[in-house]
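Since the structure comes first, as structure tokens, the remarks are kept for the end.
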Amino acid sequence: MPPSTIGAVSEPESPAGPRWRPRRPPSSDHPQDQFISSPFARLARVHAFSVAGDALIALALANSLFFSIDPTAARWRIALYLLFTMAPFAVVSPLIGPAIDRARAGRKWMIMGSAALRVVICIFMVGDLDSLLLFPEAFAILVLGKGYQVAKSAIVPTTVRTDAELVEANSKLSLISGLAGVVAVIPGLVLLKLGGSEWVIGLAAMVFTVAAMASSRLPNTAVAPEPRTEAEREELHGTGIQLSSGAMGLLRGVVGFLAFLLAFELRRNDDPTWHFGFIVAASAAGGLLGAALSPKIRRTTGEEDMLIGALTATVVASLMAAWVGGLWGMAFVALSIGITAGAAKLAFDSIVQRDAPDANRGRMFARFETRFQIYWVLGAFLPVLLPIPASLGMLLVAIAAGFALA
């Protein structure tokens, strides 16, 4: 098979165009070898280290200048850098993305570069914790992390054999995200107590270094060697996919909204840093539960019902959190949104696979993930620009989810 076709296999052409199917990874006579060297196992290891590093950075920033100066004075800087965060996705997705997808190992190099650059930035951040340079460095980390998520979504379909395995793979990666976040926060809190944010960022640099080294073993696969067909365009503009992507985008925006809403609320109340770590751990645990429960739920109901249930649960959880208030209310909503966003993502993936059989999976998921990352940034803008109390913010989340539900 020539290099330009590695990563996707075309069946005989139908009137609608060639149908894409995931690449079949190399087989092994020994199950243990398959576990150790399979393409998905390699990606799973990279994903675990990348998520753990991001969790450590979030924890370190909570005890630094980033959230230690006057929140009102910090807002305009954060808003500006959030705007810069969104710009790369708006440019890369339509202009550079297709070329990267067709290049051999294009997305692999994006993942390696993202991890390596985060190591370099972490080294600079250690010396800039009391400097305004921390702001562009922190948001460079954020941009690279979001870029990794896009590249990871594109690579996943090339590591499995069938659509059924693709659903399972996405579920496992969500499960790994929750586990890695929880595991990373524990030593992070210990280092924060012993040596401060510098030690936590140092640990994050080491974790990103391991992620960069592990990513070198990802398969050299072209994600989308062929341009989009007319059938793919029509399927991706179907009503079901458009409505489900809108619901998923809203939930991703809610995640970004809550991240900055709760961070500013904790800073405004002068809460100890471990409160922030507690909420980060609750959010990671929510993702863990969502990934564990979603496959079981999917076996008993349809994908559309899963999305409706996720939006309904978001409304209820937000109202309950607004009523409870305080640290426990914030931790509860972080846990709940982690669960609902994880369930909704699995339902969305399944809807796309069902309603767009002729679409290239790698290119398609990279495109949607780019859109969802922009929604995350837009959701984060609101609490950054406006000093919203946490209780009011949770009511806004309930209203937005209720609108999407209706």
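Using a cut-off of 9 Å between beta-carbons, work out the net charge of the residues near residue 244 (Lys and Arg +1, Asp and Glu -1, residue 244 not included). Don't skip to the end; give the middle numbers.
Numbers: positive: none; negative: 303, 304, 355.
Local charge sum for residue 244: -3.
Probe of 1.4 angstrom, ligands and nucleic acids ignored: what's the accessible area per residue over region 207-313, in square angstrom? Before the final figure, lay out the partial values.
Numbers: 4510 Å² over 107 residues.
It amounts to 42 Å² per residue over region 207-313.
Could you give me the ³J(HN,Hα) list for region 302-315, computed from phi with Karplus coefficients 6.51, -1.76, 1.60 and θ = phi - 60°, whole Hz, x at Gly and Pro?
So the Karplus estimates, Gly and Pro as x, are x, 5, 4, 5, 5, 5, 4, x, 5, 5, 4, 4, 5, 4 Hz.
Order the peptides 130-140, 167-177 from the highest to the lowest mean number of other Cβ atoms within 10 Å of their residues. Walk me through the intermediate numbers first.
Details: 130-140: 16.5, 167-177: 20.3.
In descending order of packing, they fall as 167-177, 130-140.
Please give the FRET efficiency for residue 300 paired with residue 104, using the beta carbon to beta carbon distance and R0 = 56 Å, rounded to the nearest 0.05. Working shown, then result.
Numbers: r = 42 Å, r/R0 = 0.74.
Between residue 300 and residue 104 the formula returns 0.85.
With all protein chains present and a 1.4 Å probe, how do 42, 233 order by accessible area, largest first?
233, 42
Residue 355 to residue 120: extension gain in nm, 0.36 nm per residue of separation minus the Cα-Cα distance?
Working: separation 235, 0.36 × 235 = 84.60 nm, distance 4.21 nm.
Stretched fully, the residue 355-residue 120 segment lengthens by 80.4 nm.
Going toward the positive end of the dipole of region 277-406, with +1 on Lys and Arg Cβ and -1 on Asp and Glu Cβ, which of 387, 292, 406 do you reach last?
Farthest along the dipole direction, towards plus: 292.
Sort 270, 54 from largest to smallest accessible area, using a 1.4 Å probe on the heavy atoms of the protein chains. All intermediate terms of the calculation are to be shown ahead of the outcome.
On the way: 270 110, 54 45 Å².
Accessible-area ranking of 270, 54, largest first: 270, 54.
Which of the pairs 152/172; 108/172; 108/345; 152/296 have their Cα atoms more than 18 Å apart in this structure?
Values: 152/172 13 Å; 108/172 20 Å; 108/345 23 Å; 152/296 24 Å.
Table pairs above 18 Å Cα-Cα are 108/172; 108/345; 152/296.
Carbon-plus-sulfur fraction of the accessible area of region 114-159, 1.4 Å probe, in percent? Let's see the in-between values first.
Working: 1090 of 1460 Å².
The nonpolar share, carbon plus sulfur, comes to 75 percent.
The values are calculated or read from the model by the stated rules, or taken from the named source; none is laboratory data. This one's a predicted model, so the numbers in the text were calculated from it and none came from an experiment. With ideal geometry, Cβ positions are generated from the backbone for all residues, glycine too; neighbour counts draw on all protein chains shown. Only protein heavy atoms, including side chains, enter the accessible area calculation; ligands, DNA and RNA are left aside. Shrake-Rupley method; radii C 1.70, N 1.55, O 1.52, S 1.80 Å.
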